[in-house]
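Only one structure is covered here, and it is reproduced in the block below.
The values are calculated or read from the model by the stated rules, or taken from the named source; none is laboratory data. Nothing here was measured: the structure is a model prediction, and the numbers come from that model. Here the Cβ positions follow ideal geometry from the backbone for every residue, glycine too, while neighbour counts run over all protein chains shown. Side chains included, ligands, DNA and RNA excluded: accessible areas come from the protein's heavy atoms. Shrake-Rupley method; radii C 1.70, N 1.55, O 1.52, S 1.80 Å.
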Amino acid sequence: MQSFLGIVAVGHINEAIDEGNPLKTVEGLQLPTAKIENVDPNEAQHYQDVLYHAKSQKLKDPESASKNLWLDEIQDAVCQANTDRDRAKQWVTLVIDVNQCLEKEETSDILSVLKSNVCNTNDVIPECADKYYNALAKAKKQKSGNVSAEGPWLKLTLQEKYDYYYNIDSKESSWVTPESYLHKESWLMGKEIEDIVEEITAGYIREKMWSASEDMLLHFQATSAGPLLRKEYEARKSFLYAQEEHVVKIQAFWKGHKQRMSYLRRKQMFIDHIPSIVKIQSWFRMTTTRRNYLSRLQYFRDHKNEIVKIQSLLRASKARDDYKTLVGSENPPLSVIRKFVHLLDQSDLDFQEELEVAQLRGEVVTKIRGNQQLEKDLNLMDIKIGLLVKNRITLEDVISHRTKLNKKKGGEIQVLNNTDNQGIKSLSKERRKTLETYQQLFYLLQTNPSYLAKLIFQMPQNKSTKFMDTVIFTLYNYASNQREEYLLLKLFKTALEEEVKSKVDQVQDIVTGNPTVIKMVVSFNRGARGQNTLRQLLAPVVREIIDDKSLVINTNPVEVYKAWVNQLETQTGEASNLPYDVTEEQALTYPEVKSKLDASNESLRSVTDKVLNSIISSLDLLPYGLRYIAKVLKNSIHEKFPDATEDELLKIVGNLLYYRYMNPAIVAPDGFDIIDMTAGGQINPDQRRNLGTVAKVLQHAASNKLFEGENEHLASTNNYLSDTYQKFRKYFKEACDVPEPEEKFNMDKYTDVVTVSKPVIYISIEEIISTHSLLLEHQDAIAPDKNDLLNELLESLGEVPTVESFLGEGAVDPNDPNKANTLNQLAKTEISLSLTSKYDLGDGEGLDGQSLMIKTKKLIMDVIRNQPGSTLTEILETPATTQQEVDHDTDMVSRAKKDSKTPEEMKDNQSMVKDAQLPLEQKKRKIQRNLRTLEQMGHVSSKNKYQDILNEIAKDIRNQRIHRKLRKAELAKLQQTLKALNKKAAFYEDQINYYDTYIKTCLDNLKIKNSRRSIKMDGKGELKGAKRAKPVKYTAAKLHEKGVLLGIDDLQTNQFKNVTFDIISTEDVGIFDVKSKFLGVDMEKVQLNIQDLLEMQYEGIAVMKMFDKVKVNVNLLIYLLNKKFYGK
């Protein structure tokens, strides 16, 4: 049924087509039975035309079986009509948009308009947008020029048989010619627009085709003209490849021809316009140069800070390179030396720092001496109070010493420094000569260590020790600067080598004996200079041991046993059944004692490790001087005993570094100022035992000595001792690895000349007289050569002067009854001596090579500043110009003004001042004479153009820089030392105040008890009526009868009546002089110290020897002294 209805619908549609009625045709197409899709009633006319054309074509086909259109053919015709409609609308949009865009001159929109409306979007290439617009605008302009009148209608012919009309004003469209049709002649039609676009695109493709990439060629091929252009491209490409040789020739010829023609035309133009060209070129060059200059100038102004920094870096780099040459080159050139010779000039800052260092050095030395005296007096006060407590002396003696202390409290030793009208520093020629001779004498002793080294071993040990502690350390200012530390170490080295060579017979003598130099070195390094080192090294760990209240180290089995028994009785409140007195073996049988000993040993090892680690990790803190002497000691022993093993040598080093230097400070930190103690404060017995036990273990470890015999109970720690010794061994070996003093302190024979100020020492009159006396006494031993400079100076000085001669007439009243005491006090007055060499840069034929070298260097430095030249020979042989003479005179005037402000002690000698005033040419002649003399002496050579003396100048420059650096370090160190000394002085003053309080309490108690002996004081608070005890005289027989004297070697008892002893009390409390006559022969005097006797009594020593042959009972001797001198 449905197919029948469809046939009916087809019949209606074909009838409508034949009738030519568009409306009827549309009605047929819209019949439901026809099922024709996408029918638009507005397109009725075009449906009619297309269907009619399709049916006509079918009628013309002879093979067609039917003359009517069937449903599928009708549907195809409708779809074609719809396509035509869409194409027409697209065409209309393209024409309208393009023409309106051209009329509005919207260049930027042309590309988007074309892209959205052309049939093939690949035909539109973005790179050609401007060309599209220009070509379309031109075509529209040409078309518009021939139009006189036009209408609003646009006409499009589709498939060359259908006409489409569109009114741009009313937006009306039609497929039949409108009645009032008038064409829009001025507008470009769709075909024209597409042809123009296609032409431009094809031209662009042809242009780019030969250089296009593969992707671009694919893009080109997608355009409408793409296939054709591709074909043309391939054909042309094949032709060119076939004719490549000829193509290259043609191209080369053509390019050459074009270039030649262009060159000739350009050349001819230049020839025709030479004047103009020259003018243009000059103007252009000027403009370019000026522009570049102004631009560069502005650039520099904009980057001024950066440029300054760059220049500074470049200069610094150049200066660094020059300085590296100065420092590193074996023979630095004269040009480099000239750049740095100004560094040898002394600035105001140099003078200021030198004066400050000299002042601080004087303060430090004075403070050290003052503190030493205070310490001695305080120690004596300890003895006096101790004797007072034991009723050995009277209170009057203690108060008398207290008065002396108060006089010194807060004060310093008097320094005779500004006395102009009397004494050795007066302005008389004779006294000035004596002063200069003493200055030269002490300079010689200071710089030549052999004299003092020999002198030390010429004196008895008790005298040499005092001499070292006073005169020697004073002579070297307690090594308060680099120079004096260097010279003191040279003395130590010389003296130690002499002592090892002459007095050491076995390797162990150094350990078992008491070598003088070793004692002196340890004393010095534990003094003011080394004290801070010991504090840094040991104070933290010692303080930790003392502060640990729970730490109890007791390795004595008997003491541990007794403490355990006491603890049991205290806890139970009942008497213990255990015995009170036991031996070590019996004590060790108790498990509790063994347990406590094991705990003590464990604590001991732990604490010992802390102290050991503190010592080993602080090797750099160990004073250089001590390490150097350890090195000298090791080498000297090895040289004398080549068969000695490394372990034996290192044990000797350990004996110096640990046992003598560190061990006493660990045992008694309060006595060596390792820890801060308040006045009256003290370390309790448990703390002292802890420290002593640790020190004992470390002492055994340092000497690799195991616990045996009496210390058998400590044998469990022997493995620990062996391990600790290996650590110590490495430490001692590394401690000896130090450079020589010359390298460490950068010292040489010219050092004193380069420094600004002369060396100054502060020495008392008593020490000067003592030194003079000792030198005269041992003159033959220390200076056997008659021509020795020391003999010359001693001869010039004459006899040993008195204290009065130093102070001058009138310093002491001759009628003063206490004149002796006054002179004794004045002998302690200090004098500052500016040390100089006897032949310090003198003039004349006697000038030595060293002094001549220094003078010549000074002259050369003046010359090379003002006269250039590549070598010294060239400068000396080239005459100076007038301008160079003027510049030189200006420099010398400037220097003279500067020298006038220089302190007197820092000025050059007159000989060098006169040389500095010579004209430039005279200086050069003098330099030539000096160089010839130096060449004869072998110091320089003309063969290398006197490079040797230039090398010495370069060395002076380097040393001056190092000297300035060391001076700053010395200044800081002196300030630190002075601060520590002031702190120590304040501690001593606290102790004095503490003693004052104690003595006042004693006085108050005396007044309360109405003592039988009245104590009277004068207005100064000093005691009156104190009388010195009379001497006591005994025969040996009498003392033997009293039991004091036990026997005399090589003398029978019946001869004792021929031996007498005189016991005399000295001014120093507790000190007695004992004089003896053996069979009428006077023996030397022996000094007894009551404190030493009490100490021997405390230690259980019952018998002692005097005069190396007299045996006495210590207890009875103390009793005798107490009875005869203290009334007890």
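Just one of the listed residues (Asp737, Asp748) is modelled with pLDDT of 75 or more, not hydroxyl-bearing (Ser, Thr, Tyr) and not in a helix (DSSP H, G or I), namely Asp737. Applying the set (1) more than 23 Å from Asp97 (Cβ to Cβ); (2) modelled with pLDDT under 75; (3) among the polar types (S, T, N, Q) to Ser224 leaves exactly one unmet item: (1).
When the test is whether a residue is modelled with pLDDT of 75 or more, in contact with a strand residue (DSSP E or B) (Cβ under 7 Å, 6 or more places away or on another chain), crowded, with 16+ Cβ neighbours inside 10 Å and under 30 Å from Ile368 (Cα atoms), Ser834 passes it.
Which members of the range 324-343 meet the condition of being modelled with pLDDT of 80 or more and surrounded by 10 or more Cβ atoms within 10 Å (Cβ to Cβ)? Scanning the range 324-343 gives Lys324, Thr325, Ser329, Asn331, Pro332, Pro333, Leu334, Ser335, Val336, Ile337, Arg338.
Anything in the range 654-703 that is closer than 14 Å to Ile546 by Cβ, outside any loop (DSSP other than H, G, I, E, B) and not small (Gly, Ala, Ser)? List them, or say none. Ile666, Val667, Pro685, Asp686, Gln687, Arg688, Arg689, Asn690, Leu691, Thr693, Val694 - these are the residues of the range 654-703 that are closer than 14 Å to Ile546 by Cβ, outside any loop (DSSP other than H, G, I, E, B) and not small (Gly, Ala, Ser).
Checking Lys1038, Lys1057 one by one, the residue that is modelled with pLDDT of 80 or more, over 21 Å from Val1114 (Cα atoms) and not polar (S, T, N, Q) is Lys1057 and no other.
A count restricted to the range 771-795 and to residues that are open to solvent by less than 50 Å² (accessible area, probe 1.4 Å) and under 17 Å from Gln439 (Cβ atoms) stands at 7. Of all the residues in the range 795-817, those that are out of contact with any Asp or Glu (no Cβ under 9 Å at 6 or more places or on another chain) and either at pLDDT below 70 or assigned to a helix (DSSP H, G or I) (or both) number 15.
State yes or no: is Asn42 crowded, with 18+ Cβ neighbours inside 10 Å, polar (S, T, N, Q) and at pLDDT 75 or above?
Criteria not met by Asn42.
If the condition is being farther than 16 Å from Thr724 by Cβ and either surrounded by 20 or more Cβ atoms within 10 Å (Cβ to Cβ) or aromatic (Phe, Trp, Tyr) (or both), then the range 604-626 contributes Leu622, Pro623, Tyr624, Gly625, Leu626.
Could you check, for the range 1099-1122, whether at least one of its residues is closer than 17 Å to Pro1031 by Cα, of a type in the set (Phe, Trp, Tyr), modelled with pLDDT under 85 and out of contact with any Gly (no Cβ under 7 Å at 6 or more places or on another chain)? Yes, there is a match, as at least one residue in the range 1099-1122 is closer than 17 Å to Pro1031 by Cα, of a type in the set (Phe, Trp, Tyr), modelled with pLDDT under 85 and out of contact with any Gly (no Cβ under 7 Å at 6 or more places or on another chain).
Pairs are defined by a Cβ separation below 8 Å, a sequence spacing of at least 6 or placement on different chains, a first member in the range 247-262 that is at negative phi, and a second member that is open to solvent by less than 100 Å² (accessible area, probe 1.4 Å) and part of a helix (DSSP H, G or I); the pairs so defined are Val247/Leu240.
Contact map, the range 311-330: first residue not assigned by the TED database to the domain that holds Gln947, second residue at pLDDT below 80, Cβ cut-off under 8 Å, separation 6 or more or different chains; pairs are Ala319/Lys339; Asp322/Lys339; Asp322/Phe340; Tyr323/Phe340; Leu326/Phe340; Leu326/Ile957; Leu326/Arg958; Val327/Arg958.
Within the range 136-165, the set of residues being touching a residue at least 40 places away in the same chain (Cβ under 8 Å) and open to solvent by 30 Å² or more (accessible area, probe 1.4 Å) comprises Lys143, Ser144, Gln159, Lys161.
Each row is one residue, and each column tells you yes or no for (1) closer than 18 Å to Ala630 by Cβ; (2) in a helix (DSSP H, G or I); (3) at pLDDT 80 or above.
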position	(1), (2), (3)
Glu484	no, yes, yes
Leu489	yes, yes, yes
Glu498	yes, yes, yes
Asp505	no, no, yes
Val517	yes, yes, yes
Val521	yes, yes, yes
Gln531	no, yes, no
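Hey, among the residues in the range 482-519 that are under 12 Å from Pro741 (Cα atoms) and in contact with an Asp or Glu (Cβ under 9 Å, 6 or more places away or on another chain), which one's surrounded by the fewest Cβ atoms within 10 Å (Cβ to Cβ)? Top of the filtered list is Tyr486.
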